[in-house]
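Worksheet: the structure to be examined is printed underneath.
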Amino acid sequence: MGAPITKTDSWHHSDIDMIIDVRSPSEYLDDHIPGAVNLPVLSDTERAEIGTLYKQVSPYEARKKGAALVSQNIANHLQTTLQDKPPHFKPLIHCWRGGQRSQSFALICAEIGWPSYLLDGGYKAYRSTIINALTTKFEPFEIRLIGGPTGSAKTKLLHQIDHLGGQILDLEALANHRGSLLGADPYDEQPSQRLFETRLIDATSCLDPNLPVYIEAESAKIGKVQIPQMLWQKMCSAPAVRLSIPIESRIAFLLEDYKHLFSQPDTFLKLINGMQNRHSRDITKGWYEALQAKDWPQLAGLLLEQHYDPSYHRSASRHNRPYIWNYAVPDCREYSLLEAAKALLIDTSWMVGN
């Protein structure tokens, strides 16, 4: 008799050693439970092959072929990822709806002697909890916004607040995007909307609702992902501090923070081409000339003065956030940002207006 297989509606059991997501790689990439390991019983190509066989030949042939592929893939996982697992290894296994894919994996685990959990309802049930959390999770939190024009090192200030023990939500890190037209990560794509929401709820679950949460003042969209409506509404009504940093320091910060762009003029050129419809020919001509001359300080300054700063002021006036306090920081060096973080955590007078 094999080890027990227990159905559960929770993925938080303390005795679970691994969450195994047996869906295809593309399903996993779109969204998954935080910490889950993808051990697919069918690849994307194999799923398509079985689906075609089911429709064009017969369900019987599809099931037979599918069983062979599933067995081969599970065997491969046992000989690689799971080869060193001990006799008391206890996984939680799930697929899309808690159907055949996860049950097949669990049955083999049971025969080995590994007691396992099956997530009742699979990923679909998990996704329902995330959707529900998006409408309720943010309600108890007191949010405080950190604003300021591009190049003000707002994200680095957030991290200093975190370093000093304050609570933060780094939305740009969760979205893998810096929130501007030039803010895409050159080495990694953004998550899907669903995966962004999963990351957000997971990050929020670690926060104490009795303490304030500092968030960078963003637009409603960060790259291609949308801030959930409940959180966005709270951000629109939250008190905000606006950083004021000399433009020379902001230029120096951009040259360092966006050095991957300045080192790749061809990539930079494509991004500027995408901005030219928003500005006059005279303005964009100056950008192209600075880019061609590789005069990076000149280009950074022009982009700040002619594109980013006007966009920031338009956005700030639309949102009309309450109790905005201009907070002067001399530059974007680590020490200056640390001192600013200390001041913001200690001096809460900006919360009631100045």
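The numbers here are math on the coordinates, done by the rules we state, and not lab data. Every value quoted in this text rests on a predicted model; they were computed, and no experiment measured them. Virtual Cβ from ideal backbone geometry, glycine too; neighbours counted across all protein chains shown.
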_Projected label distance in nm at Thr135 and Gln193, using a 7 Å step from Cα toward the beta-carbon_ = 1.6 nm
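What FRET efficiency comes out for Leu345 versus Asp185 if R0 is 30 angstrom and r is the Cβ-Cβ distance? Round to the nearest 0.05.
Numbers: r = 29 Å, r/R0 = 0.97.
Computed FRET efficiency for Leu345 and Asp185 comes out at 0.55.
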*Along the Cα-to-Cβ line of Arg278, 7 Å from the Cα, sits a label point; which residues in the range 155-184 have backbone N less than 12 Å from it?*
179-183
*Please get the size of the charge dipole for the chain, origin at its Cα centre, with Cβ charges of +1 on Lys and Arg and -1 on Asp and Glu, quoted in debye to the nearest 20.*
940 debye
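Using a 10 Å cut-off around each Cβ, can you sort Arg97, Arg47, Arg281 from fewest to most neighbouring Cβ atoms?
Details: Arg97 15, Arg47 19, Arg281 7.
Sorted ascending by nearby Cβ count, the order is Arg281, Arg97, Arg47.
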_Can you compute 3J(HN,Hα) from phi for each residue in the range 114-128, using the Karplus curve 6.51 cos²θ - 1.76 cosθ + 1.60 with θ = phi - 60°, rounded to whole Hz and x for Gly and Pro?_
8, x, 9, 9, 10, 6, 5, x, x, 4, 4, 5, 4, 4, 4
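Under unit Cβ charges (Lys, Arg +1; Asp, Glu -1), what dipole magnitude, rounded to 20 debye, does the range 5-131 have relative to its Cα centre?
Details: 13 positive and 14 negative charges, 79 e Å.
Dipole magnitude for the range 5-131 comes out near 380 debye.
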*Taking K and R as +1 and D and E as -1, what net charge do the other residues with C-beta under 10 Å from the C-beta of Lys234 add up to?*
-2
*asked:* Testing the spin-label approximation: label points 7 Å from Cα along Cα→Cβ at Ala125 and Ser26. State their distance in nm.
replied: 2.7 nm
*List Thr8, Thr204 from most exposed to least, where exposure is judged by having the fewest other Cβ atoms within 10 Å.*
Thr8, Thr204
_Going Cα to Cα from Lys124, which aspartates and glutamates come in below 18 Å? Please leave out same-chain ones fewer than 8 positions away._
Asp9, Asp21, Glu27, Asp30, Asp31, Glu197, Asp202
*Put +1 on the Cβ of every Lys and Arg and -1 on every Asp and Glu Cβ in the chain; which of Leu200, Leu243, Pro228 then has its Cα farthest towards the positive end of the dipole?*
Pro228
*Note the angle between two axes, namely the Cα long axis of helix 154-163 and the longest principal axis of the Cα atoms of the chain, as a number of degrees from 0 to 90, rounded to the nearest 10.*
60 degrees
*Could you pull out every residue, at least 5 positions away or on a different chain, whose amide H is within less than 5 Å of the one on Ile143? Hs are placed 1.01 Å off N in the peptide plane, and Pro or chain starts have none.*
Val213
*Provide the per-residue ³J(HN,Hα) series for the range 134-148, in order, calculated from phi with Karplus coefficients 6.51, -1.76, 1.60 and θ = phi - 60°, each as a whole number of Hz, with x at glycine and proline positions.*
5, 9, 10, 4, 8, 4, x, 7, 8, 9, 10, 9, 10, x, x
*Figure the gain on full extension for Lys294 and Asn38 (residue separation times 0.36 nm, minus the Cα-Cα span) and round it to one decimal in nm.*
87.7 nm
*Of the listed peptides 327-338, 240-251, what is their order by residue-averaged count of other C-beta atoms within 10 Å, with the highest listed first?*
240-251, 327-338
*asked:* Please list, ordered by chain and number, the residues whose modelled amide H lies under 5 Å from the amide H of Ile93; skip anything fewer than 5 residues away on the same chain.
replied: Ile20, Tyr117, Leu118, Leu119
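Of Arg199, Arg194, how do they rank once you tally other Cβ atoms within 10 Å and put the fewest first? Mind showing how you got there, number by number?
Working: Arg199 19, Arg194 16.
Sorted ascending by nearby Cβ count, the order is Arg194, Arg199.
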*Can you give the calculated 222 nm mean residue ellipticity of the chain, where each DSSP H run of n ≥ 4 adds -39,500 (n - 2.57) and the sum is split over every residue, rounded to the nearest 500 deg cm²/dmol?*
-14500 deg cm²/dmol
*asked:* Please list, ordered by chain and number, the residues whose modelled amide H lies under 5 Å from the amide H of Tyr327; skip anything fewer than 5 residues away on the same chain.
replied: Arg242, Leu243, Ser244
_Of Lys55/Lys221; Lys137/Lys224; Lys65/Lys90, pairs whose Cα-Cα distance is over 32 Å_ = Lys55/Lys221
